[in-house]
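Down below is the structure, laid out as structure tokens.
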Amino acid sequence: MGEDCDDGNSTSGDGCSSICLNEGSYPCVDPSDPNCCGNARVEFGEDCDGGEGCGLNCLLQGSSYLYSTPSFCGDGAVGTGEESGCEIGAPDGRADAVQIAEAVGMGVVDEEGNQTTSIMATADGVTGEAEFTLLCGFTLDAECKAIDPNLGLAANSCCYPMPEVVSVIPANDSN
């Protein structure tokens, strides 16, 4: 356990590192090339070869909630981007490093374009509180308009009041 490979030496740079971890491979110039990343074959020194959770050097990128099917190390299932050793043993009951919350903000936006609020949760008689920062999350201008017709979608996915025309110079004259 803990080793990806063991090539019988302690030399790095040969596909298997001195601490017995895969080192990945270079991207293929031609998919028929042997031992290169991107030829759809997992070869010596590689964890994977293409697909979500697999890096450009054919090493697994680890668990992430950003994958099309989120994966979390320690949840009992080997998910996208994870090594099988990540799931050995039963869950330990400790708090996970990542918790997921889905929200669409309608609060006050700070200078960086974020909205922050306090979230409180209770489990087994213990209550905790943490700051939750929302990077808004809207994708369509129509979502903002549904809240208020005077709002528009900004590049940071937040809804902001649309600018108003206060005056026009030169004034529209019929002369």
Legend entry - Placed amide H near residue 136: partners under 5 Å, 5+ positions off or other chain: 105, 115
Legend entry - Shape of the range 16-56, Cα gyration tensor, a/c cut at 1.5: oblate
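Bear in mind these aren't lab numbers, they're just calculated from the coordinates by the rules spelled out. All values reported here derive from a predicted model rather than from experimental measurement.
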